[in-house]
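The values are calculated or read from the model by the stated rules, or taken from the named source; none is laboratory data. Predicted model only: the values in this text are computed from it and were never measured. In this analysis, Cβ positions are derived from the backbone assuming ideal geometry, glycine residues included, and neighbour counts consider all displayed protein chains.
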Ligand SMILES: [Fe+2]
């Protein structure tokens with residue numbers, strides 16, 4: 001299928017962002033419930049700032065300080081943890097700012113006066129923020145006393161996953177994005193790695209697995225946890241995954257009974273790693289994950305399916321981002337993009353783990369087999385889970 005023209009994709013992505021916000025109240029869009037969860041209003045403005053500053057190269061001095069995220073080359077900015085302190089500009093002013101930049105972008109696209117590669121980056125960037133709008137709104141809604149639903153018209157997932165394991169001989173394999181088509185700089189260059197024989201679970205960790213881990217005293221057994229993980233469990237008093245409350249957990253459709261067959265979500269790397277160790281298994285390296293994820297990357301439960309919650313399918317793509325045991329590092333021969341966007345991915349390559357596969361919050365056309373997401377190991381507000389791996393071949 002031929003991809004839609006850039007101008008059409010630009011408009012569609014910009015409209016979808018506003019569509020996500022249409023289900024939230026004005027007040028929902030202003031709160032910052034923790035430093036990592038930005039207000040929806042900030043996401044709306046920052047994605048616009050990206051087009052204005054990076055693509056149109058004409059930053060508004062008044063907004064540059066407010067909505068720059070982390071670009072040192074562009075200048076100083078509001079501290080991340082204080083994004084929710086800005087009651088001005090108002091939400092209406094931010095929406096008007098979006099409309100203004102959209103008009104300028106449309107004119108520039110029609111005139112062919114923009115760098116198509118940067119427009120593509122801006123579109124992909126906005127899709128990443130669409131997912132963050134959902135994760136951050138879920139945190140804002142799911143951690144307040146009444147825990148309201150984001151939507152009451154979400155679809156229900158269907159289907160069941162097959163269990164079991166798949167074996168791989170390993171050897172010298174290639175991973176990463178090839179030189180054609182869009183990919184982020186951190187997915188390149190494609191390169192060889194050596195992989196020992198391994199077997200990987202056909203489906204991700206389920207809520208039932210987590211319930212068994214809890215029942216076995218997993219959250220209280222230091223021997224199952226990495227040292228930093230155990231320090232986090234102790235300090236934060238973790239006894240169950242985020243959003244779990246007895247037999248129920250918070251979803252964007254409100255509180256729901258926990259389904260043991262559903263893919264588990266909102267696990268930190270520490271929790272995923274401890275559950276794997278308890279099972280006598282481990283998490284895959286990203287090379288193992290990419291080798292095993294040979295199916296169609298567009299096949300899975302993505303945001304387009306309008307479920308916005310993991311299903312029972314458990315395939316490699318969709319449902320949850322899967323933590324890997326690989327630290328987020330540069331591939332051999334990595335070259336960051338030129339200019340300010342060189343700060344997009346490369347400067348975050350310390351202290352984070354790679355996640356793969358996309359989630360039920362990810363737009364379907366945003367994911368690739370080589371896609372590398374990354375978060376710190378204690379992060380649990382993302383739509384994250386994991387898949388188990390064992391060493392050796394056939395089982
Ligand atoms: Fe951003």
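Output the qualifying pairs, or none if there are none: Cβ atoms under 6 angstrom, residues six or more apart or on different chains, first residue in region 313-341 and surrounded by fewer than 17 Cβ atoms within 10 Å (Cβ to Cβ), second residue part of a loop (DSSP other than H, G, I, E, B) and at pLDDT below 95.
Qualifying pairs under 6 Å: 340/71; 340/73; 340/74.
Is it the case that some residue within region 247-269 is in a helix (DSSP H, G or I) and crowded, with 20+ Cβ neighbours inside 10 Å?
We begin by selecting, within region 247-269, every residue in a helix (DSSP H, G or I); these are 269.
When the remaining residues are screened for being crowded, with 20+ Cβ neighbours inside 10 Å, the result is 269.
Yes, region 247-269 contains at least one residue that is in a helix (DSSP H, G or I) and crowded, with 20+ Cβ neighbours inside 10 Å.
Within region 299-310, which residues are modelled with pLDDT of 95 or more, surrounded by 15 or more Cβ atoms within 10 Å (Cβ to Cβ) and part of a loop (DSSP other than H, G, I, E, B)?
302, 307, 308, 309, 310
I'd like the full set of residues that are outside any helix (DSSP H, G or I) and away from the ligand (no atom under 14 Å from the Cβ), limited to region 16-36. Outline the logic, then answer.
Let us first name the residues in region 16-36 that are outside any helix (DSSP H, G or I), namely 22-26, 30-36.
Correct list: 22, 23, 24, 25, 26, 30, 31, 32, 33, 34, 35.
Would it be correct to say that residue 199 is modelled with pLDDT of 95 or more, buried (at least 20 other Cβ atoms within 10 Å of the Cβ) and more than 28 Å from residue 308 (Cα to Cα)?
Taking the combined requirement at face value, the residue satisfies it.
Which members of region 347-359 meet the condition of being farther than 10 Å from residue 321 by Cβ and assigned to a loop (DSSP other than H, G, I, E, B)?
Of region 347-359, the ones farther than 10 Å from residue 321 by Cβ are 347-353.
If the condition is that a residue be farther than 10 Å from residue 321 by Cβ and assigned to a loop (DSSP other than H, G, I, E, B), then 349, 350, 351, 352 are the ones that fit.
Matching residues to (1) under 27 Å from residue 302 (Cβ atoms); (2) in contact with a helix residue (DSSP H, G or I) (Cβ under 9 Å, 6 or more places away or on another chain); (3) away from the ligand (no atom under 14 Å from the Cβ):
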site	(1), (2), (3)
58	no, yes, yes
77	no, yes, no
87	no, no, yes
90	no, yes, yes
108	no, yes, yes
136	yes, yes, no
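Take residue 83 and tell me if it is within 14 Å of the ligand (Cβ to nearest atom), within 24 Å of the chain's Cα centre (by Cα), touching a residue at least 40 places away in the same chain (Cβ under 8 Å) and crowded, with 21+ Cβ neighbours inside 10 Å. First the steps, then the outcome.
Numbers: within 14 Å of the ligand (Cβ to nearest atom): yes; within 24 Å of the chain's Cα centre (by Cα): yes; touching a residue at least 40 places away in the same chain (Cβ under 8 Å): yes; crowded, with 21+ Cβ neighbours inside 10 Å: yes.
Spelling it out, residue 83 is indeed within 14 Å of the ligand (Cβ to nearest atom), within 24 Å of the chain's Cα centre (by Cα), touching a residue at least 40 places away in the same chain (Cβ under 8 Å) and crowded, with 21+ Cβ neighbours inside 10 Å.
Considering only residues that are in contact with a strand residue (DSSP E or B) (Cβ under 8 Å, 6 or more places away or on another chain) and surrounded by fewer than 21 Cβ atoms within 10 Å (Cβ to Cβ), which ones fall in region 271-286? Talk me through it step by step, then tell me what you get.
Filtering region 271-286 down to residues in contact with a strand residue (DSSP E or B) (Cβ under 8 Å, 6 or more places away or on another chain) leaves 272-273, 276, 280-286.
Across region 271-286, the qualifying residues are 280, 281, 282, 285.
Output yes when any residue across region 272-289 is within 18 Å of the chain's Cα centre (by Cα) and farther than 20 Å from residue 173 by Cβ, and no when none is.
yes
Please find, within region 62-75, the residue that is nearest to the ligand (Cβ to nearest atom) out of those that are within 26 Å of residue 117 (Cβ to Cβ) and more than 22 Å from the chain's Cα centre (by Cα). If you could, list the steps in order and put the result at the bottom.
Going residue by residue through region 62-75, those that are within 26 Å of residue 117 (Cβ to Cβ) are 63-64, 67-75.
Keeping just the survivors that are more than 22 Å from the chain's Cα centre (by Cα) gives 63-64, 72-75.
Values: 63: 14, 64: 14, 72: 14, 73: 14, 74: 12, 75: 15 Å.
Among those that are within 26 Å of residue 117 (Cβ to Cβ) and more than 22 Å from the chain's Cα centre (by Cα), it is 74.
Within region 68-85, identify whether any single residue is under 26 Å from residue 107 (Cβ atoms) and not in a loop (DSSP other than H, G, I, E, B), and answer yes or no.
no
Give just the number: which of (1) away from the ligand (no atom under 16 Å from the Cβ); (2) surrounded by 21 or more Cβ atoms within 10 Å (Cβ to Cβ) does residue 126 not satisfy?
Of the numbered conditions (1) away from the ligand (no atom under 16 Å from the Cβ); (2) surrounded by 21 or more Cβ atoms within 10 Å (Cβ to Cβ), the odd one out for residue 126 is (1).
Might you let me know whether region 39-56 holds any residue that is within 13 Å of the ligand (Cβ to nearest atom) and more than 22 Å from residue 108 (Cα to Cα)?
Looking through region 39-56, at least one residue is within 13 Å of the ligand (Cβ to nearest atom) and more than 22 Å from residue 108 (Cα to Cα).
Is one or more of the residues making up region 115-122 loosely packed, with under 13 Cβ neighbours inside 10 Å and within 14 Å of the ligand (Cβ to nearest atom)?
Within region 115-122, not a single residue is loosely packed, with under 13 Cβ neighbours inside 10 Å and within 14 Å of the ligand (Cβ to nearest atom).
Could you list, in sequence order, all residues of region 1-15 that are more than 16 Å from residue 47 (Cβ to Cβ) and either touching a helix residue (DSSP H, G or I) at 6+ places or on another chain (Cβ under 8 Å) or not in a helix (DSSP H, G or I) (or both)? Spell out how you get there, then give the answer.
First, the residues of region 1-15 that are more than 16 Å from residue 47 (Cβ to Cβ): 1-8.
Matches in region 1-15: 1, 2, 3, 4, 5, 6, 7.
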